[in-house]
1. So which of Lys51/Lys139; Lys113/Lys167; Lys58/Lys139 end up more than 24 Å apart by C-alpha?
2. Grab the other residues whose beta carbon is less than 10 angstrom from that of Val173, score K and R as +1, D and E as -1, and report the net.
3. Farthest toward the dipole's positive end in region 58-169, which of Ser60, Pro136, Leu79, given Cβ charges of +1 (Lys, Arg) and -1 (Asp, Glu) about the Cα centre?
Amino acid sequence: MAEKVTMRTLKAGRSTRKGFTFIEITMVLFIMGLFLALSVPRLISFVSSGKLASGVSKLSIYIEHIRDLSMYRQEVLVLHCNIDTGQFWVTRIDGKVSDESLLRPFTFPESVKIVEIVLSNEKKVIDGEAEMFFYPGGKADPFLIHLRGEEEEEITLEISYLSRNVKQHEGYVEAI
């Protein structure tokens, strides 16, 4: 005859242990530590390269807007860059700061460095200030901006004579 199953017989078969053992907790902490040790360097690399890409994208839009504004206002605009501080700002040819709210000074994050700016006359500016000119007909003096991120990745921005778009090149590009 079959035995009658009751709550008492079910409880008697169960372990009375509650909680986790020291070995179980240690193993979980070890696995979590291993996961963090492997993922944190990649996360830091991803975030730092993201700062470079984000800065390059914002500067490209800034430069394209300057070219458009120069055409719209039919005046020469000058893009200034302080290489040491990583700051860009715009003035008119007469030296007055542009009153456009969209053209407030633009500054790269500290992790992004301007390596150099190559102007149309092949002059390389590695410190101090550089000036790039945008003309009413949609033209600009061609120039290159070489940028470097925290992980030593480099991007070159190319601004050509006639093209409205700013070209982005991976690595260091020498020719204009």
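Nothing in this text is a laboratory measurement; each read-out follows from the coordinates by a stated rule. Only a predicted model underlies this, so the values are computations on that prediction, with no experimental measurement involved. Quick reminder, even Gly has a Cβ in these numbers, built from the backbone with ideal geometry, and neighbours come from all protein chains shown.
1. Values: Lys51/Lys139 29 Å; Lys113/Lys167 18 Å; Lys58/Lys139 21 Å.
From Lys51/Lys139; Lys113/Lys167; Lys58/Lys139, over 24 Å: Lys51/Lys139.
2. Details: positive: Lys167; negative: Glu154, Glu158, Glu170, Glu174.
Here the count lands on -3.
3. Pro136
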